[in-house]
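Participant: What follows is a structure written as structure tokens; I'll ask about it next.
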Amino acid sequence: MNLGDSCFLCLDIGACCVRGIAHHVLSGRIIQSAMHTVDSFDTVFALKSVIDELEQQIGAHFDSAYITGDFGQSEFEMIAKNTVWPGEHKITASDIRNQIGQITPPDGYFPMHIFPLRYDTPTARNMYSPIGHTDRQLISAFSAIFYSHAEMDALLSVLRHAHIQPDAFYDPMFLQNALYRQKKQTTMFIDFGARFTSVSIWMDRGPVWHAKIPIGGTTISTDISEKLNINFDDADRIQRNVASLFPKEMDRFTPADTAYEFSRSDVNDIILPHIVNICAQIKSESAPAFNKYHPTQIIISGGGAEIDSINEFIENTFSIPVQNMHADASVRALSAYIWNKESDHRNKYDARRNKIEKIKERVFSIFHRRHNNRPRFIPILPSTLCFDMKSPMTYSTFRAGGLSMIHVDIMDGFYVDRIAGSIAELKYIRAHTNAHLHVHLMTESPSVWAADAIAAGADTIIVSTNTSGLRDAIRLIHASSKRAGVALNPESSVSLLKPILRELDEVMVMAVSPGAAGQEFNDACLHKISVLAATRKKYGLKYLISVDGGINADTAQKCWAAGADMLVSGSYLAKSSDFPLAVQSLLKKPEN
């Protein structure tokens, strides 16, 4: 990818819909994004319409295109390969490539993705990577997703007719796993497509099961068309508008469409058996893998994910939590994957650009008087709980307010009774901003979460009191050259921090109970701020004092007066009609 100035296109091509996301990259940053969807069974028309609209929004032609979507029927295999050497042998990447090269696809198929699941030798078991290990034998386990040559040739023909030269193809489940599955979690993905319902189970090292059920949205629309004696296009439109899995009392008396006399209930009586059949086939085909690997979450996507009450239906069927990523999940995952894949390239580009800028500054300083153009630091941190961090407008809003730090809340559902934020979201935020990421971990096992947060790009990690291993987490954070802090909850005393105050870069005083935005400010926190400020001055300590919860124009001034250094604000900033003005209202007012 040309990080200097280029545009790239991400397409999710289905049997009845094309979704596209486009990005304009300039100087290693995404400066403009656009998204467009066209519903049509004429794929060439849909592709051209999406591209024309995105090019108009972006204002440029695309340099590269990446494709996901309905590639047709797939095959999945788990394969073992065994290599034996006559003597001691140092294993290299070439040895692994040779084993992968020995994988034979089914007739008429080609491998789209191959995943190493484990490596074993006589002296070492279940290695993450055997490269550099010396032994006489290597046994490797791979899983592979294969697609039909014929179906892919047909798709390439469609792309040529739409004047698209694809750079790469990606399986939708591969992309969704990369973006949505949390580390160390076994997840089942269900994608309700037009032709197929795709299902897979993924772990950290790759997929352990992958299948396609040959029932999709067009199957259901065809059945509605035949049973209600209407044309297919109307049946498909009505299905999208009225589909619901839990009947409502008035559905029997409510017309499904003004052009016809049948009711919403008549339509849903046709839809429900198909969904039941799909789930029954998934349960039957996935049973061996499901019982062996025990997925702890189901993520659903595709057009069928928009059916009313589908979450509850799937959750009741499989008895595990369901997260709905909606119809555009695959194209969003493709967009994030392509951009994240360039992270090493972007880092090198930034380093090279920064080096050139420094040289230019030195040359410039020889001939010109140096001016201090460093922007003033604004000690206000917007809370991600109250903003849509998937929207590029959010980051533009933060920059417009002059903010250089973002507060990211992560809750695991154990330390507080809520699950919010995630390491995946933190990675997404890091990929879209250079701001200082100030992460508050409301989690048990702070060391584990802190390590993941550091890997995801956190700059400051605030761990919570009353968690085991808090001191170990602080040491781990400092060992990674990151700032470490502790959040002091409303019910906790400052004396609780006495043994570790010298180790902290920051103490965050919670003015509300952790777990939810929009709570009222607790004035009792002001005394804690004063005590922390006095203790810092008395003993010459270096920690900063931040305050989180209930911050508005009035409570902010109370915190500044008590000795606070930074403030976290969520609801107040998110609800303001003028964001930069709201930020200014939170700053410390000059004394009269």
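None of the figures in this text is laboratory data; all of them are computed from the coordinates on show. Owing to the predicted nature of the structure, the values given are computational and were not obtained by experimental measurement. No Cβ is skipped: glycine too gets one built from the backbone with ideal geometry, and neighbour counts run over all protein chains shown.
Participant: Collect residues whose amide H, placed 1.01 Å from N in the peptide plane, falls under 5 Å from the amide H of Ser445; neighbours closer than 5 in sequence don't count.
Facilitator: Ser468
Participant: Right, here's the next one. With θ set to phi - 60° and the Karplus curve 6.51 cos²θ - 1.76 cosθ + 1.60, what are the ³J(HN,Hα) couplings of segment 265-273 in order, to the nearest whole Hz, using x for Gly and Pro?
Facilitator: 4, 4, 5, 5, 5, 7, 5, 4, x
Participant: Could you calculate the contour length gain from Ile419 to Arg475, that is, 0.36 nm times the residue separation minus the distance between their Cα atoms, to one decimal place in nm?
Facilitator: Working: separation 56, 0.36 × 56 = 20.16 nm, distance 2.61 nm.
The span from Ile419 to Arg475 would gain 17.6 nm if fully extended.
Participant: Taking the simple approach of a point 7 Å from Cα along Cα-to-Cβ for both Gln56 and Asp578, what is their distance in nm?
Facilitator: In this crude spin-label approximation the distance works out to 3.5 nm.
Participant: Of all DSSP beta bridges in segment 380-586, what percent run antiparallel (nearest 5)?
Facilitator: The antiparallel fraction comes to roughly 5 percent.
Participant: Quote to one decimal, in nm, the extra length available between Thr258 and His436 on full extension: 0.36 nm per residue of separation minus the C-alpha distance between them.
Facilitator: 58.7 nm
Participant: Now, a different point. Estimate the FRET efficiency between Met152 and Asp388 by the formula 1/(1 + (r/R0)^6), using the beta-carbon distance for r and 41 Å for R0, to the nearest 0.05. Write down the numbers at each step before the final one.
Facilitator: On the way: r = 36 Å, r/R0 = 0.87.
My answer for the efficiency is 0.70.
Participant: For segment 167-215, rounded, prolate or oblate, judged on the Cα gyration tensor with a ≥ b ≥ c (square roots of eigenvalues), a/c < 1.5 rounded, else prolate if a/b > b/c? Intermediate values should be presented prior to the final figure.
Facilitator: On the way: a/c = 2.16, a/b = 1.40, b/c = 1.55.
Oblate, since a/c reaches 1.5 and b/c is not below a/b.
Participant: Counting Lys and Arg as +1 and Asp and Glu as -1, what is the net charge of the other residues whose Cβ lies under 15 Å from the Cβ of Ser391?
Facilitator: On the way: positive: Arg332, Lys390, Arg399; negative: Asp328, Asp388, Glu425.
Its environment carries a net charge of 0.
Participant: Quick check: the angle from helix 470-479's long axis to the longest principal axis of the chain, C-alpha only, nearest 10 degrees?
Facilitator: Taking Cα atoms only, the helix is inclined about 90 degrees.
Participant: Starting with the highest mean, order 193-205, 99-111 by the number of other Cβ atoms within 10 Å, averaged over the residues of each peptide. Walk me through the numbers on the way to the answer.
Facilitator: Working: 193-205: 22.0, 99-111: 13.5.
Highest mean packing first, the order is 193-205, 99-111.
Participant: Something else now. By DSSP, what percent of the beta bridges with both residues in the chain are antiparallel, rounded to the nearest 5?
Facilitator: Numbers: 60 of 110 bridges.
So the antiparallel bridges in the chain amount to around 55 percent.
Participant: Report, in degrees rounded to the nearest 10, the 0 to 90 angle that the Cα long axis of helix 217-228 makes with the longest principal axis of the chain.
Facilitator: 50 degrees
Participant: Which whole-angstrom value gives the distance between the alpha carbon centres of segment 208-274 and segment 30-109?
Facilitator: Using only Cα atoms to place each centre, the spacing works out to 33 Å.
Participant: What lysines could a cross-link reach from Lys348, if we take a straight Cα to Cα line under 27 Å and drop same-chain neighbours fewer than 8 places away?
Facilitator: Lys183, Lys358, Lys360, Lys390, Lys427, Lys482
Participant: Around Gln102, with a cut-off of 12 angstrom between Cβ atoms, what is the net charge of the other residues, counting Lys and Arg +1 and Asp and Glu -1? Write out the running numbers ahead of the final one.
Facilitator: On the way: positive: Lys81, Arg97; negative: Asp95.
Value of the local net charge: +1.
Participant: For segment 358-459, state which chymotrypsin sites (Phe, Trp or Tyr not before Pro) are in a DSSP loop and have at most 16 other beta carbons lying within 10 Å of their beta carbon. All intermediate terms of the calculation are to be shown ahead of the outcome.
Facilitator: Numbers: sites: Phe364, Phe367, Phe377, Phe387, Tyr395, Phe398, Phe414, Tyr415, Tyr428, Trp449; in loops: Phe377, Phe387, Phe414, Tyr415.
Hits after loop and neighbour filter: Phe377, Phe414.
Participant: Report the local net charge at Thr219: Lys and Arg +1, Asp and Glu -1, summed over other residues whose C-beta lies under 12 Å from its C-beta. Please report the intermediate quantities before stating the final value.
Facilitator: On the way: positive: Arg195; negative: Asp223, Glu226, Asp236.
The answer is -2.
Participant: Applying 1/(1 + (r/R0)^6) with R0 = 25 Å to the Cβ-Cβ distance of His345 and Thr296, what FRET efficiency is obtained, to the nearest 0.05? Walk me through the numbers before you get to the answer.
Facilitator: Details: r = 34 Å, r/R0 = 1.37.
For His345 and Thr296, the calculated efficiency is 0.15.
Participant: OK, next. Which shape class applies to segment 5-71: rounded if a/c is under 1.5, otherwise prolate when a/b exceeds b/c and oblate if not, where a ≥ b ≥ c are the square roots of the Cα gyration tensor eigenvalues?
Facilitator: Numbers: a/c = 2.70, a/b = 1.95, b/c = 1.38.
Prolate shape, in that a/c is at least 1.5 and a/b is the bigger ratio.
Participant: Using semi-axes √(5λ) of the Cα gyration tensor in Å as the read-out, say which of (i) 49, 31, 19; (ii) 53, 37, 18; (iii) 45, 32, 27 was calculated from these coordinates.
Facilitator: Recomputing semi-axes √(5λ) of the Cα gyration tensor in Å here gives the entry labelled (iii).
Participant: Let me ask something else about it. Cross-link candidates for Lys538: which lysines have Cα within less than 24 Å, leaving aside residues fewer than 8 places away along the same chain?
Facilitator: Here the lysines satisfying the reach criterion relative to Lys538 are Lys498, Lys528, Lys558, Lys588.
Participant: Residue by residue, what Karplus-based ³J(HN,Hα) values in Hz, rounded to whole numbers, does segment 552-563 have, using 6.51, -1.76 and 1.60 with θ = phi - 60° and x for Gly and Pro?
Facilitator: With the stated coefficients, segment 552-563 comes to 9, 4, 7, 5, 4, 5, 5, 5, 4, 5, 7, x Hz.
Participant: Give the distance, in whole Å, between the Cα centre of segment 110-184 and the Cα centre of segment 393-408.
Facilitator: 37 Å
Participant: Please list 3J(HN,Hα) in residue order for segment 405-416, calculated via the Karplus relation 6.51 cos²θ - 1.76 cosθ + 1.60 where θ = phi - 60°; whole Hz, with x for glycine and proline.
Facilitator: Here the 3J(HN,Hα) series is 10, 10, 8, 10, 8, 10, 10, 9, x, 10, 5, 10 Hz.
Participant: A further question follows. Can you give the extra length, in nm with one decimal, that the chain gains between Ser309 and Arg362 once fully stretched, where that is 0.36 nm per residue apart less the Cα-Cα distance?
Facilitator: Details: separation 53, 0.36 × 53 = 19.08 nm, distance 6.25 nm.
Between Ser309 and Arg362, full extension yields an extra 12.8 nm.
Participant: Another question, if that's okay. For the chain, what relative contact order do you get, as a whole percent, if you take Cα pairs closer than 8 Å and at least 6 residues apart? The partial results should precede the final answer.
Facilitator: Values: 1129 pairs, mean separation 52.2, N = 592.
That works out to 9 percent.
Participant: Next question. How many angstrom separate the Cα center of segment 444-465 from the Cα center of segment 10-24?
Facilitator: So the two Cα centres are separated by 35 Å.
Participant: Starting from the Cα of Arg237, step 7 Å along the direction of its Cβ; do the same at Ser513; then give the gap between the two resulting points in nm.
Facilitator: Each label point lies 7 Å from its Cα, and together they span 5.1 nm.
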